[in-house]
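The values are calculated or read from the model by the stated rules, or taken from the named source; none is laboratory data. Values in this document were obtained by computation on a predicted structure and should not be read as measured data. FYI the Cβ positions are ideal-geometry reconstructions off the backbone, even for glycines, and counts take in every protein chain you see.
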């Protein structure tokens, strides 16, 4: 995965030599700090994937030109949801979605993702609980929203051949 992003950086060594590599954004804090392996580290990674889907952003964005620090999606969603500012959440959402989504469903999904990236692993939902919440969310959506197809604003990892359509 790290090789896929290297092409987009001016310094190909940035992500491989920087201790805050973007791929660390998937790793649960207890694994990074103590090497603890448990099912809850997979729940953390799943939460990060949900955040990527919602925002269209990578798990960690590199520091900007002013040298201001990296932004971790798992931390950004916490601050957005704590602020309870609906406009901030709308702005954070992937612009490729446009207005073609249920904002209430997005808030529910963001809260599930937030729960999955809890610092304390005992506060994260189990895989069964996450599936149950997602199933309920899908059942609550109107039929027109059950199938929502749009392109993500994220760069695809694999490009389809032009003649495949």
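Could you say whether any residue in segment 98-109 is within 18 Å of the chain's Cα centre (by Cα), more than 22 Å from residue 137 (Cβ to Cβ) and either at pLDDT below 90 or assigned to a loop (DSSP other than H, G, I, E, B) (or both)? No. All conditions in (1) exposed (fewer than 14 other Cβ atoms within 10 Å of the Cβ); (2) modelled with pLDDT of 85 or more hold for residue 78, with the sole exception of (1). Residue pairs whose Cβ atoms lie under 6 Å apart, sitting 6 or more positions apart in sequence or on different chains, and linking a residue in segment 82-99 that is at negative phi and without any contact (Cβ under 8 Å) to a residue 24 or more places away in the chain to a partner that is surrounded by 12 or more Cβ atoms within 10 Å (Cβ to Cβ) and part of a helix (DSSP H, G or I), are 88/80; 89/80.
All told, residue 130 falls short of being surrounded by 13 or more Cβ atoms within 10 Å (Cβ to Cβ), closer than 16 Å to residue 89 by Cβ and touching a helix residue (DSSP H, G or I) at 6+ places or on another chain (Cβ under 8 Å).
Could you grab me the full set of residues in segment 29-46 that are surrounded by fewer than 17 Cβ atoms within 10 Å (Cβ to Cβ) and within 12 Å of residue 125 (Cβ to Cβ)? If the condition is that a residue be surrounded by fewer than 17 Cβ atoms within 10 Å (Cβ to Cβ) and within 12 Å of residue 125 (Cβ to Cβ), then 39, 42 are the ones that fit.
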